[in-house]
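Below is one structure; the comments refer to it alone.
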Amino acid sequence: AIERTLSIIKPDAVAKNVIGQIVSRFENAGLKIAAAKLVQLSRAEAEGFYAVHAARPFFNDLVNFMISGPVFVQVLEGEGAILKNRELMGATDPKKAEAGTIRADFAESIDANAVHGSDAPETAAVEIAYFFPTLNVYAR
Ligand code: CMP
């Protein structure tokens with residue numbers, strides 16, 4: 001099915017000037033950009049986005065990292081977009097990410113791991129609405 005997923009290119013990858021290289025990987029895999037913006041998140045916005053992780057020990061470091069510089073937030077659209085994006089990203093911990101994945105090639109650590117991607121249809125819908133509340137999502 002045609003799906004939409006939320007992708008965030010994190011502050012480490014933006015600072016490395018590899019937004020274009022990462023977007024090219026999405027495009028080359030057949031994903032289309034349905035929406036995109038470069039934004040500096042406030043602490044409240046980052047905490048809200050990662051609210052499901054609020055009780056985890058890494059929450060504060062994660063939030064501090066996500067507000068350390070601008071992020072590039074996109075809605076990616078295409079056949080099986082959620083899983084396709086996760087395959088392109090590789091494992092959360094770049095040390096465990098398969099060769100040739102975005103995290104293996106561009107990430108340094110589990111916090112500075114270059115990209116975020118929605119993990120399921122339900123979270124994709126919530127995450128897309130969080131950053132693009134006016135984007136109507138229709139099946140087409
Ligand atoms: P992300 O996909 O953005 O979702 C939550 C983020 O928390 C994750 O990527 C990592 O960057 C970060 N994180 C830090 N430590 C951990 C951990 N032990 N397990 C999962 N995520 C972690």
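The values are calculated or read from the model by the stated rules, or taken from the named source; none is laboratory data. For clarity, every value in this text was computed on a predicted model and none was experimentally measured. Virtual Cβ from ideal backbone geometry, glycine too; neighbours counted across all protein chains shown. Just the protein is used for accessible areas: all its heavy atoms, side chains included, with ligands, DNA and RNA removed. Shrake-Rupley method; radii C 1.70, N 1.55, O 1.52, S 1.80 Å.
At a glance:
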read-out	value
Selection from region 103-121 of residues that are closer than 17 Å to A13 by Cβ, within 12 Å of the ligand (Cβ to nearest atom) and not acidic (D, E)	R103, A107, S109, I110, A112, N113, A114, V115, H116, G117
Conditions (1) assigned to a helix (DSSP H, G or I); (2) open to solvent by 50 Å² or more (accessible area, probe 1.4 Å); (3) closer than 26 Å to A99 by Cβ: number failed by D12	(2)
Residues of region 36-45 that turn out to be surrounded by 13 or more Cβ atoms within 10 Å (Cβ to Cβ) and either at pLDDT below 95 or more than 16 Å from the ligand (Cβ to nearest atom) (or both), as a count	1
Single condition I33 does not satisfy, out of (1) assigned to a strand (DSSP E or B); (2) loosely packed, with under 15 Cβ neighbours inside 10 Å; (3) touching a Gly at 6+ places or on another chain (Cβ under 9 Å)	(3)
Inter-residue pairs, beta-carbon under 7 Å, first within 19 Å of A35 (Cβ to Cβ) and in region 4-24, second buried (at least 18 other Cβ atoms within 10 Å of the Cβ) and among the hydroxyl-bearing types (S, T, Y), 6+ apart	T5/S118; L6/S118
Residue among G90, G48 that alone is within 13 Å of the ligand (Cβ to nearest atom) and either touching a helix residue (DSSP H, G or I) at 6+ places or on another chain (Cβ under 6 Å) or among the small types (G, A, S) (or both)	G90
